[in-house]
Structures are given as structure tokens and as C-alpha cells.
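The values are calculated or read from the model by the stated rules, or taken from the named source; none is laboratory data. Bear in mind the structure is a predicted one, so any value in this text is a computation, not a measurement. In this analysis, Cβ positions are derived from the backbone assuming ideal geometry, glycine residues included, and neighbour counts consider all displayed protein chains. The protein model used for the area step is the full one, side chains on, heavy atoms only, and it has no ligands, DNA or RNA in it. Shrake-Rupley method; radii C 1.70, N 1.55, O 1.52, S 1.80 Å.
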Amino acid sequence: MPRWVDFQTLMSIENELLGALLDGSSDEVSLPLEMKIVAMAVEDLRTLVSVSTLHSRWALARSLGELAKTANDAGRVLGRFNSGVMDTLDSLLLSRPHVLHTLERTTLMPSTHRLQVLQPLSNEVTHKGPTMRTFTDLISSLSMKVERLSLGLRDSLEEIARMEDRHASIVEMIQSDAALGAGDEADVLSDLWTVLGGDRLDPKIAQQTRARLQDVSQHEFDARAYMASAGRAVDAASKQLRDLCEHVSTPPSISEIISTESHVKSIKDSLERLSDRRARVVKRRLESSADRVLGRRV
């Protein structure tokens, strides 16, 4: 149970977490859609395989169908994880006015504490009552949000691993067929598309499908790298929260006494950063959507 409050550190943990998950990268926007696009390309290849004269066409078509489904599933869980990140951001934004109101109201309450007479804005006023309950609730809420993000990470990594396994088995199956003359691993699916006559279809569609089949390995790599980075951020936040809970469960030293005015400033600064971050994310997603509608590669 906390014995004192430290909103400054709590705000820092929140902002570091969301900054790591949302700032400076378009992966959280593009990857779910890229996975679904890959699934459609693989499904097109499966159709070609199923009407081909390959001896292994039925086994290969079945494996390609499984890969397409797994790519779709990976896109779905990645999208769900990203929605969870935005839900966390929105929840924090919604809670800030209440937190500020509680703290600002506390500073106006008369105090019988001698320390409050000597230090009108000392941390003594935040040891008890509504402010302590608010601080405790915020830690508990953020801890639950971090745990949900951790579960989302686990689900995403499991789907990515399944996709990688199915893709690897298909590459091995194709490379073992001497009649197909498979080349580099990254080009196996796109080469098969060409061998089976995919390039004889509408030139623009054929070129897009071939390019998407070439990108399967890259998207798998990007998804794993993005989730690994997100995992480090979530693990760091979880550890920081545990350390904060342990720290505030012991009496503060004189140097750690924080004025309520400083708490209020920290929360207002955090609210401004969170609002700016949300605006940047929304802008980036709109730009990404516009790029794709116009046919440009993000």
C-alpha cells in the first residue's frame, strides 16, 4: 500500500511507454494491412497452384491456404494490439481531468497538519484521502493496461511464429521439387507465380501480386521486429511500475517530498504530451490511408 504519492514518476512511465509504442514509426499503421494484403496474394497463388499440373498441387495448395489464413490471423491480432495501445492512450487522456480536479481541490482544503502550515504545498497534503486513492487507482489501472498489452504481444508473436513456420515449410516443399527450379528463398513464392503463368494475367495485377509475394519474408521480419520493440517497452513499463510501488510503500526522504503544485504541473504536462501524441498518430494514420488509396507504397 502506498504511503505517499509520486505522480511525476507515474506520468513519466506512461509517456515513455506510449512514446515507445507510437512515436516515429508507421509499422503500427501498416503491418496489419500488409498482412491482409499478403494473405490475398497467397490466396491468388493457391488458386493457380490448384489448377496447375504439378504433382504436389493438392498438398501445396492446402499449405498455401493455411499460410493465407495465418497471415490474416496475424494481421487481425496485430490490429487488435494496436487498438489496445490507442485504447490505453484514450483512457489516460480521459482520466486526466478527474486527477487534476482532485489535486487542485486538495490544495484548497484547510489542513490541521503543522507541516502544511510551514509548507502549504508540501507532499503532506497528498498522503491521505482522495489524492491517495486517485494515485493508487492510477497505478492499478496502468498495471492492468500493461498486462493486457503484454497478453496482446504474446498472441501476436504466436501468430507471427505460426506464419513463419508455414511459410518455411512451403519454401522447403517448393525447393525440393526439381521441376520448379526454385531460386532464392525470398523469391520462391513469386517465382512460382511466374512459373504457373501468373504474369500472363492483367499486367498491373500480376506485377502487384508478384511484388507482394516477394515481400512475405520482409513483412514477417518487420512484424517480429516491431513486436520485439513493443515487448521491450511493455516489459520496461512493468518493471518501472513494480519499482514505483515498492518505492512509495516506504516513507519518503526529505529530498523526495514533492509539492502538490509540482504534481499538478506534471499531470498537466503529461496531458499536453498525450494530446499531442494522439494528434500525431491520427495524422500519420490518415496520411498512410491516403497513400494507399493513391497507390503509393508507404
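Descriptive notes on the structure:
- Separation of the Glu43 and Ser140 label points, Cα + 7 Å toward Cβ, nm: 4.5
- Charge dipole (region 135-284, unit charges on Cβ, about Cα centre) - positive-most of Leu151, His263, Ile174: His263
- Nearest-10 value in Å² for the accessible area of Phe7, using the 1.4 Å probe: 0
- Computed FRET value (nearest 0.05) for Val282 with Ser262, which takes r as the C-beta separation and R₀ as 35 Å: 0.70
- Label-point gap, in nm, between Thr194 and Arg105 - each point 7 angstrom along Cα→Cβ: 7.0
- Partner aspartates and glutamates for Lys268 [C-alpha distance under 12 Å; skip if fewer than 8 residues away on the same chain]: Glu104
- Taking a straight Cα-Cα cut-off under 21 Å and skipping sequence neighbours fewer than 8 places away in the same chain, the lysines within cross-link reach of Lys204 are Lys36.
- Approximating the spin labels as points 7 Å out from Cα along Cα→Cβ, the Asp202-to-Ile254 distance works out to 7.8 nm.
- Seen from a random direction on average, the alpha-carbon convex hull of region 223-282 projects onto 5.9 square nanometres.
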